[in-house]
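Notes for the one structure printed next.
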Amino acid sequence: MADPTKMVVNLALFGTTQSGKSSAGNTLLGSADFHSSFAPCSVTQDCSLGRSCHLQSFLRRRGQEVALQVRVLDTPGCPHSRLSKKDVEQKVRDALEHHFGQEGLHLALLVQRADVPFCGQEATYPVQMIQELLGHAWKNYTAILFTHAEKIEEAGSNEDKYLRAAPDTLLTLLNSIQHKYVFQHKKEKSFNEQRMKILERIMGFVKENCYQVLTFK
């Protein structure tokens, strides 16, 4: 029988090369499980799963305090400097079935750099892969994680202005996923404060979805 005082949330990261997926995954886990570095090529070659420690008393369900554990699947970027789009998709498909086949996926996070315009065919590749792998219900299980969001304030703007100025392709995507998004500000807060803020927003999305999951059997 499942322990009602513990909860596991399964997340998968999608995005283009150098969008900050592995770094975002480390933030979510509160660790350095995933190799992350600046490079002129794709760094992540294979999918890998990271698990966080239990965050005690992170939320309350049915009047009880619940400890949260986050499991994050890091994936290769698409497009990739060494792998074909088909190869990346097959690697991710196999990893989703292996890690979340029965337990299910709570949320796919599309990692998008806030300082890189969301336009052109390459920007839509990860979205297409999410649609292909998650199926017709993808809109209910997808959110956008904007990395490098500190660049917005450095440019003298803010999140609201940033989104109002977004291209139609991004606005259409945000509308499709019911405006589920979160900004990651590296310079705004301490590592732990930043992590808690992002996790609280993500758990809000999961709760709005009634804690439902997508399975891959």
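The values are calculated or read from the model by the stated rules, or taken from the named source; none is laboratory data. None of the values given here were measured: they were computed from a predicted structure. Reconstructed Cβ throughout: ideal geometry from the backbone, glycine too, with neighbour counts over all protein chains shown. Just so you know, the surface numbers come from the protein's heavy atoms only, side chains and all, with ligands and any DNA or RNA stripped out. Shrake-Rupley method; radii C 1.70, N 1.55, O 1.52, S 1.80 Å.
Listing for the model above:
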item: Segment 77-148: C-alpha gyration tensor shape, a/c 1.5 cut-off, then a/b vs b/c; result: oblate
item: Probe 1.4 Å, all protein chains present, accessible-area order of Val72, Val8, largest first; result: Val8, Val72
item: Gain on full stretching of the segment that runs from Lys207 to Gln69 - 0.36 nm per residue minus C-alpha separation; result: 48.2 nm
item: Interatomic Cα distance distribution for segment 1-92, bins of 10 angstrom, percent; result: 17, 40, 25, 14, 5
item: Three-way shape label, segment 144-189, alpha-carbon gyration tensor, a/c 1.5; result: oblate
item: Charge dipole magnitude, Cβ of K and R +1, D and E -1 - the chain, Cα centre, debye nearest 20; result: 340
item: Cys47 accessible area, 1.4 Å probe, all protein chains in place, Å² to nearest 10; result: 40
item: Loop-resident sites, segment 74-141, for trypsin sites (Lys or Arg not before Pro), counting at most 12 other Cβ within 10 Å (DSSP); result: Arg82
item: Per principal axis, descending, Cα span of the chain in whole Å; result: 48, 40, 32
item: DSSP beta bridge pairing in the chain, given as percent antiparallel to the nearest 5; result: 30
item: Span from the segment 128-176 Cα centroid across to the segment 55-76 one, whole angstrom; result: 24
item: Phi-based couplings in Hz for segment 167-180 (Karplus 6.51, -1.76, 1.60; Gly and Pro marked x); result: x, 4, 4, 6, 4, 4, 5, 4, 5, 5, 9, 6, 6, 8
item: Accessible surface, 1.4 Å probe, highest first, among residues Asp74, Asp3, Asp160; result: Asp160, Asp3, Asp74
item: Over 19 Å (Cα to Cα) - which of Lys6/Lys139; Lys151/Lys180; Lys21/Lys197; Lys91/Lys139 fall in this group; result: Lys6/Lys139; Lys151/Lys180; Lys91/Lys139
item: Options Tyr162, Gln18, Val70, ranked by Cα towards positive dipole end of the chain, top entry (Cβ charges); result: Val70
item: Segment 76-217: relative contact order as a whole-number percent, Cα under 8 Å and 6+ apart; result: 33
item: Order of exposure, largest accessible area first, which applies to Ser48, Ser81 with probe 1.4 Å; result: Ser81, Ser48
item: With at most 15 other Cβ atoms within 10 Å, longest stretch of the chain clear of loop GluC sites (Glu not before Pro) (DSSP); result: 1-102
item: For segment 125-137, Karplus couplings with θ = phi - 60° (6.51, -1.76, 1.60), whole Hz, Gly/Pro x; result: 4, x, 5, 4, 5, 4, 4, 5, 7, 8, x, 5, 8
item: The chain - mean residue ellipticity at 222 nm from DSSP helices (-39,500 (n - 2.57) per run, n ≥ 4, rounded to 500); result: -10500 deg cm²/dmol
